[in-house]
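The values are calculated or read from the model by the stated rules, or taken from the named source; none is laboratory data. None of the values given here were measured: they were computed from a predicted structure. Ideal geometry is used to build each Cβ from the backbone, glycine not excepted, and the neighbour counts take in all protein chains shown. Just so you know, the surface numbers come from the protein's heavy atoms only, side chains and all, with ligands and any DNA or RNA stripped out. Shrake-Rupley method; radii C 1.70, N 1.55, O 1.52, S 1.80 Å.
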Amino acid sequence: MKSTKKEGWEERGARVLLGNYSREPLVFEKGRGSYLFDPSGVAYLDFLGGIAIHVLGHCHPGITHAIQKQAQRMVHVSNLYYNPAVVDLAELLVEKTFADRVFFSNSGTEAIEAAIKLARRYGASSGRYEMISMEGSFHGRTLGAMTLTGQAKVREGFGPLPPGFLYAPFNDFDKIRASRTKNTVAVIVEPVQGEIGVIPAETDFLQKLRRWTREEDILLILDEIQTGLGRTGSLFAYEQYEIIPDILVSSKALGGGLPLGAVLTSERLSKFLPPGTHGSTFGGNPVACAAGAALVRALFAEDFLPERVRSMSSYLWDGLMALKNRYPSLIREIRGKGFMIGCVVSVSAKKIKDLFREERVLVNATGPADDVIRILPPLSISYDETDDFLSVADKIFSSLSVEKS
Ligand SMILES: Cc1ncc(COP(=O)(O)O)c(C=O)c1O
């Protein structure tokens, strides 16, 4: 039975919050490590991490400390001035990636908007403005990022949409090359498409795309908003594909749980956004940047990357593959990279997600046909937590297989 207090928050929220989200019937008050706690203290194993945010779990001590310290010192100052926290995180990102320069925003979609503007300014002298994105992609909810998103259902009813956006099939280099026009200035790809059902880019595809875009002076933009900050087994997924993008867009986990986005690029391209061309009052907020810097340092200092992420994620993958072998008629495929995993199922993913919730485990249902369970555990999960997750999954699939037979 639900507690009175919990019912109170749900009812009050449903009355006053705009109804654009379909929320689960759950209220959370506290998070620690791999767990979330409801108001009566009941623990839920969180294998979703606020949708790929908490790569080191909830309330990581180093990140919490950095937030507290920065909040006591200075919360906001604007981009009229420098501040140590923003410089520190930018230096770290420059040190750890291909980039020479960083622009900070407050969210993923805003970082995508900045990347679109940078690409358009780059193409302006040659009259090019068109961007090719992948069918099934997701890039955000603001008008530009939404138009870039390769899913008609996301764009539906919001027209007229800005011109200059084309869609081509993911993992199909020849079709992308064929859809290029004289106006094409950039191609944008997620190394692993998350929202459509966790579909990884093929290595050969991304490498061919990189070679061709470079030869044709077309910018290659990687949307690493979901794949970044160690999620796939390296700080950013491009490292594993052995390519260097022209522009990389980051967000989600970047702010250690606080809202933060970033555009990473080269010295050469950075020149296309000179003073006055783009900006954000809050972008590069000192508290969010301090949290982000603590996160990046912890990822390397605590040996998460690459050793621990690789070994823990293969332990989880082995367990999931064993379940797939045990329930072949229910689990069709396990796909993804590192700790970004999609479990393709032959029954309703939403129903399975609800069964997980009843067992106090949080996962997400996605996929075009309600057929993918999305699993995004913290990189810091233990063997015991992984075993707990796998035994709950076993119990659920076992009950479903009895139902099916
Ligand atoms: C790949 C990708 N790009 C962009 C976005 C948009 O980010 P935000 O929700 O922070 O605006 C998301 C969010 O889910 C995403 O997964």
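Values as computed for the structure displayed
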quantity	calculated
Hits in region 366-382 (condition: under 15 Å from the mean Cα position of the chain (by Cα) and closer than 30 Å to residue 298 by Cα)	374, 375, 376, 377, 378, 379
Number of positions in region 232-249 that are polar (S, T, N, Q) and either in a strand (DSSP E or B) or buried (at least 24 other Cβ atoms within 10 Å of the Cβ) (or both)	1
Residue satisfying all of: in region 250-263; open to solvent by less than 10 Å² (accessible area, probe 1.4 Å) and outside any loop (DSSP other than H, G, I, E, B); nearest to the ligand (Cβ to nearest atom) among these	261
Region 108-120, subset open to solvent by less than 10 Å² (accessible area, probe 1.4 Å) and of a type in the set (Gly, Ala, Ser), residue farthest from the ligand (Cβ to nearest atom)	119
Qualifying residue in region 70-80 (condition: over 11 Å from residue 284 (Cα atoms), open to solvent by less than 60 Å² (accessible area, probe 1.4 Å) and either more than 20 Å from the chain's Cα centre (by Cα) or in the same structural domain as residue 172 (by TED's automatic domain parsing) (or both))	yes
Test for residue 393: is it outside any strand (DSSP E or B) and within 17 Å of residue 335 (Cβ to Cβ)	yes
Residue ID - nearest to the ligand (Cβ to nearest atom), chosen from residues in region 64-107 that are closer than 14 Å to residue 289 by Cβ and of a type in the set (Phe, Trp, Tyr)	104
Condition met for residue 161 (of a type in the set (A, V, I, L, M, F, W, C) and either over 19 Å from the mean Cα position of the chain (by Cα) or within 12 Å of the ligand (Cβ to nearest atom) (or both))	yes
Which listed residue, of 280, 313, is at negative phi and open to solvent by 20 Å² or more (accessible area, probe 1.4 Å)	280
Any chance residue 266 is under 16 Å from the mean Cα position of the chain (by Cα) and touching a residue at least 12 places away in the same chain (Cβ under 8 Å)	no
Residue, farthest from the chain's Cα centre (by Cα), within region 209-222, restricted to residues that are away from the ligand (no atom under 12 Å from the Cβ) and surrounded by 16 or more Cβ atoms within 10 Å (Cβ to Cβ)	212
Test: residue in region 122-133 that is farther than 20 Å from residue 284 by Cα and within 15 Å of the ligand (Cβ to nearest atom)	yes
Those residues of region 223-249 which are near the ligand (Cβ under 10 Å from one of its atoms) and of a type outside the set (Asp, Glu), in sequence order	225, 226, 227, 228, 249
Residue in region 367-405 that is nearest to residue 50 (Cα to Cα), counting only those that are of a type in the set (Val, Ile, Thr) and modelled with pLDDT of 95 or more	375
Residue in region 63-78 that is touching a residue at least 12 places away in the same chain (Cβ under 8 Å) and closer than 29 Å to residue 195 by Cα present	yes
Residue under evaluation residue 105, criteria (1) over 27 Å from residue 166 (Cα atoms); (2) open to solvent by less than 50 Å² (accessible area, probe 1.4 Å), criterion not met	(1)
